[in-house]
Amino acid sequence: YFTEFTLHVGVLPFRVDLAKVLDLHAFDSLSGISLQKKLQHVPTTQPHLDQSIITVTFEVPGNAEEESLNVYIQNLLWEKNVRNRDDDCMEVIRLKGLVSIKDKPQQVIVQGVHELYDLEETPVNWEDDSERTNRLVLIGRNLDKDILKQLFIATVTETEKRWTTHFQEDQVCP
């Protein structure tokens with residue numbers, strides 16, 4: 001079989017080693033432990049080639065109510081009605097994290113792309129003596145780490161009334 005291929009970018013050919021793009025196991029299901037280790041190494045704010053896109057990460061201790069967590073994610077990905085301090089809509093392109101769901105002994109992976117997301121229980125249980133924590137990585141435009149974290153804390157601590165400051169049902173972003 002082929003070990004490399006040639007891609008024509010404009011008029012210049014560009015050779016790509018197929019070992020660099022195939023069989024990477026990029027979509028293999030991650031265990032909670034391996035994802036936890038990977039998320040610890042993601043910078044808290046990271047610029048991208050497109051300067052309007054940034055990465056924000058945060059960590060919050062505690063347990064999330066699954067229904068409240070779904071509301072949080074759906075407002076970000078589906079309703080698109082969460083705004084930053086400048087009243088710009090936050091646009092989440094990618095979401096990934098490890099969360100602790102109340103009454104579930106397993107660590108739960110959350111993954112989202114544009115309007116699709118999934119919560120998947122891992123085979124890894126939270127240790128009885130360890131503090132449960134939630135780590136999220138969000139990639140998108142107009143993201144405000146402090147607001148996203150405050151909204152998540154409100155979800156985890158079950159005080160949704162506090163997070164309505166930057167969430168407006170009647171003002172859906174275009």
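Only protein heavy atoms count here; on that basis, with a 1.4 Å probe, L116 has an accessible area of about 130 Å².
Would you mind counting up the charge near Q111? Only other residues with Cβ under 12 Å from its Cβ, with Lys and Arg at +1 and Asp and Glu at -1.
Neighbour charge sum, excluding Q111 itself: 0.
Please give, to one decimal in nm, the separation of the simple spin-label points placed at Q74 and S130, each 7 Å out from Cα toward the Cβ. My value for the distance between the label points is 3.1 nm. Summing +1 for each Lys or Arg and -1 for each Asp or Glu among the other residues whose beta-carbon sits under 10 angstrom from that of V92 gives +1.
A simple spin-label model places the labels of E67 and K149 2.9 nm from each other, with each point 7 Å out along Cα-to-Cβ. The Cβ shell under 9 Å around I147 holds other residues with a net charge of +2, Lys and Arg each +1, Asp and Glu each -1.
The values are calculated or read from the model by the stated rules, or taken from the named source; none is laboratory data. Because the structure is predicted, anything quoted here is derived from the model rather than measured. Here the Cβ is made from the backbone with ideal geometry for all residues, glycine too, and neighbour counts use every protein chain on show. With ligands, DNA and RNA removed, areas are computed over all heavy atoms of the protein, side chains included. Shrake-Rupley method; radii C 1.70, N 1.55, O 1.52, S 1.80 Å.
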